[in-house]
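Down below is the structure, laid out as structure tokens.
The values are calculated or read from the model by the stated rules, or taken from the named source; none is laboratory data. Keep in mind the model is a prediction, meaning the values are calculated, not measured. FYI the Cβ positions are ideal-geometry reconstructions off the backbone, even for glycines, and counts take in every protein chain you see. SASA here: full protein model, heavy atoms, side chains in, ligands and nucleic acids out. Shrake-Rupley method; radii C 1.70, N 1.55, O 1.52, S 1.80 Å.
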Amino acid sequence: EEMILRRLTVLIISILMVFALLLAGCNTKSSDAGKGTSEKSNVVKVGTDAAYPPFEKQEGNGEITGFDVDILNAIAKAGGFTVQLQHTGWDPLFEGINSGNIDAGISAITITEDRKKKYDFSDPYFDAKQLILVPASSNIKSLQELKGKKIGVQSATTGETVVQEAFGKTYPNLKGYDDTPAAIEDLKLGRLDAVVADNGVVMEYVKKLGKDKFKIVEDPSFKPEQYGMIVKKGNAELLEKINAGLKKIREDGTYDNIYQKYFGK
Ligand code: ARG
């Protein structure tokens with residue numbers, strides 16, 4: 001009888017083990033299925049500061065449009081991935097990459113040595129430089145002539161960097177804004193003598209606000225800049241997809257079409 005009991009025990013244990021294995025199997029399957037739905041987490045979350053026309057802006061209905069948006073969508077299509085673009089603002093964009101809340105950023109972001117320490121950049125997709133926006137009546141002709149004058153910039157941008165390089169990090173008449181439109185607003189109200197920002201954006205504002213009201217000052221000290229998309233440091237997989245997409249749209253003419261749509265020939 002003891003023999004039978006032992007065999008029974010072994011049998012029961014075996015059956016339990018088979019069940020356990022089956023359950024484990026189901027589990028991996030269901031977590032695979034989970035991936036299936038989060039195959040949607042194959043959706044790349046992209047952040048932008050949608051207040052930098054013509055690169056990115058928010059329409060009345062909240063839709064984000066602009067050169068960067070068209071480029072991003074084209075890159076995604078060519079690179080075989082899906083994107084979900086959200087307006088994060090400028091500083092939160094970088095924080096979002098750090099925390100993993102977003103996977104990538106496209107926001108007229110200049111590739112700088114400093115940023116390269118913290119983020120990985122895609123291949124460059126746009127050439128830019130700084131320009132100075134002043135009232136049409138201003139007699140300012142260079143950056144140096146702005147010494148002592150009130151200058152507005154978007155905080156933590158290369159516009160801020162060039163002013164700080166010229167007049168010192170603690171230049172008291174440098175006003176940093178969370179976004180560029182806020183700086184432009186203060187310029188319009190006469191609270192600033194100049195705004196320093198990217199050429200594409202400054203040119204767009206002159207076009208919008210009128211040549212009778214504002215004009216552009218160039219300065220030879222401004223170095224060439226290039227925009228890139230950013231990803232979290234080490235996210236080589238996403239970076240490769242982005243770069244592959246970018247390469248494709250450069251080769252097949254898509255990039256040129258988008259460029260012309262916004263900037264002409
Ligand atoms: N190119 C400049 C930089 O990288 C300004 C970019 C600001 N972009 C924006 N969407 N507000 O610092």
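Some observations on this one:
- Average accessible surface area per residue within segment 204-247, 1.4 Å rolling probe, Å²: 60
- Spin-label model distance (nm) - Asp178 vs Val43, 7 Å beyond Cα toward Cβ: 2.6
- Once the Cα-Cα distance is subtracted from the 0.36 nm per residue extended length, the Lys147 to Gln260 segment shows a gain of 37.0 nm.
- Förster radius 41 Å - calculated FRET efficiency between Lys207 and Lys169, Cβ distance, rounded to 0.05: 0.80
- Share of carbon and sulfur in the accessible heavy-atom surface of the chain [1.4 Å probe, %]: 54
- Theoretical FRET efficiency, 1/(1+(r/R0)^6), r = Cβ-Cβ of Glu251 and Glu185, R0 45 Å, to 0.05: 0.65
- Cross-link reach is defined here as a Cα-Cα straight distance under 28 Å, omitting same-chain residues fewer than 8 places apart; for Lys150 the lysines meeting it are Lys57, Lys129, Lys141, Lys169, Lys175, Lys188, Lys207, Lys208, Lys211, Lys213, Lys215, Lys223.
- Angle in degrees between helix 67-79 and the longest Cα principal axis of the chain, rounded to the nearest 10: 30
- You can think of it this way: the chain between Ala244 and Gln86 has 54.6 nm of extra reach, that is 0.36 nm per residue less the Cα-Cα gap.
- Most fluctuating residue given options Lys233, Lys223, Lys77, as computed from a GNM of the chain linking Cα atoms under 10 Å: Lys223
- Between Ser14 and Asn139, the modelled label-to-label distance comes to 10.2 nm, taking each label 7 Å out from Cα in the direction of the beta carbon.
- When the inverse distances between all different Cα atoms of the chain are averaged and flipped, the Kirkwood radius reads 21.2 angstrom.
- With all protein chains kept in place, the per residue accessible area of segment 38-122 amounts to 43 square angstrom at a probe of 1.4 angstrom.
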